[in-house]
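Everything on this sheet refers to the single structure shown next.
The values are calculated or read from the model by the stated rules, or taken from the named source; none is laboratory data. In this text the structure is predicted, and so the values were computed from the model without any measurement. Cβ atoms come from the backbone with ideal geometry, glycine included; neighbour counts cover every protein chain shown. Heads up: the accessible areas ignore ligands, DNA and RNA and are worked out on the full protein's heavy atoms, side chains in. Shrake-Rupley method; radii C 1.70, N 1.55, O 1.52, S 1.80 Å.
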Amino acid sequence: KKTVTEKIDWVVTAHGYIDPETNLEKELPENLEKMFKVNSLSLLYLAQAFISNISGAVFISSTAGISANGNFAGYSASKAAVNSLTQAFARNRTSQTFISVCPGPTAGKMRASIGATGGQDPHEIAKVVKEIIEGKGDFKSGDILSVREGKTVTASRLS
């Protein structure tokens, strides 16, 4: 276990894994485990290393973590865990900012890996992350943001 001692303004996580198998009964246990390790458990390990030294974190999640995709149950559950972690961190560490950005279908390698085409431009997601880091917009710690087709909507906010 390593910890970071220098002050860091922001940590942005933008990693993920999706198993292209859409039939849960055929999905290999090792692929389900990999989704949770990459998509969720890695954030806990990163938090252990960085959380005391950061001003804030933006976790790239997925709209599948807000409204589950029936073809990708494991992926949806692993991204819902990201959103839950975001809000748990926000409740526990009120002097820091934690926000989940949940893109809808986005053009990129992950989408291609499941045989899908199209999707929004990844730069749309980057713009939202930039706004958060620059303090623009009405974003609050614990927010779960949905980003689709250039529109950002707060899907969940802590009360």
(message) Anything in region 44-72 that is open to solvent by less than 60 Å² (accessible area, probe 1.4 Å), within 21 Å of Val147 (Cα to Cα) and either at pLDDT 95 or above or in a strand (DSSP E or B) (or both)? List them, or say none.
(response) Gly56, Ala57, Val58, Phe59, Ile60, Ser61, Ser62, Thr63, Ala64, Gly65
(request) Please verify whether region 145-153 includes one or more residues that are in contact with a strand residue (DSSP E or B) (Cβ under 9 Å, 6 or more places away or on another chain), open to solvent by less than 60 Å² (accessible area, probe 1.4 Å), in a helix (DSSP H, G or I) and more than 12 Å from Val58 (Cβ to Cβ). (result) no
(request) Those residues that are in contact with a Phe, Trp or Tyr (Cβ under 8 Å, 6 or more places away or on another chain), under 22 Å from Pro29 (Cα atoms) and polar (S, T, N, Q), I need them from region 63-101; list them, please. (result) Asn69, Ser78
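On the given criteria, is Val82 touching a residue at least 24 places away in the same chain (Cβ under 8 Å), β-branched (Val, Ile, Thr), under 26 Å from Leu32 (Cβ atoms) and in contact with a Ser or Thr (Cβ under 7 Å, 6 or more places away or on another chain)?
Answer is yes for this residue.
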(message) With the requirement that a residue be within 24 Å of Pro20 (Cβ to Cβ), free of Cβ contacts under 8 Å to residues at least 24 places away in the same chain and touching a strand residue (DSSP E or B) at 6+ places or on another chain (Cβ under 9 Å), what does region 106-144 give you?
(response) Thr106, Ala107, Gly119, Asp121, Pro122
(request) Name, by its number, the condition in (1) of a type outside the set (Val, Ile, Thr); (2) crowded, with 17+ Cβ neighbours inside 10 Å; (3) assigned to a loop (DSSP other than H, G, I, E, B) that does not hold for Lys79. (result) (3)
(request) Take region 25-43 and flag every residue that is part of a helix (DSSP H, G or I) and surrounded by 13 or more Cβ atoms within 10 Å (Cβ to Cβ). (result) Asn31, Leu32, Lys34, Met35, Phe36, Lys37, Val38, Asn39, Ser40, Leu41, Ser42, Leu43
(request) Take region 19-32 and flag every residue that is closer than 23 Å to Pro105 by Cα and either modelled with pLDDT under 95 or of a type in the set (Asp, Glu) (or both). (result) Asp19, Pro20, Glu21, Thr22, Asn23, Leu24, Glu27
(request) Could you tell me which of the residues Ser141, Ser84, Ser100 is out of contact with any Cys (no Cβ under 7 Å at 6 or more places or on another chain), in a helix (DSSP H, G or I) and closer than 18 Å to Thr13 by Cβ? (result) Ser84
(message) For the structure I just gave you, tell me whether Thr22 is more than 25 Å from Ala155 (Cβ to Cβ), in contact (Cβ under 8 Å) with a residue 40 or more places away in the chain, among the β-branched types (Val, Ile, Thr) and not in a helix (DSSP H, G or I).
(response) no
(message) Just to be sure before I move on: is Gly104 of a type outside the set (Lys, Arg) and out of contact with any Gly (no Cβ under 9 Å at 6 or more places or on another chain) in the structure I sent?
(response) no
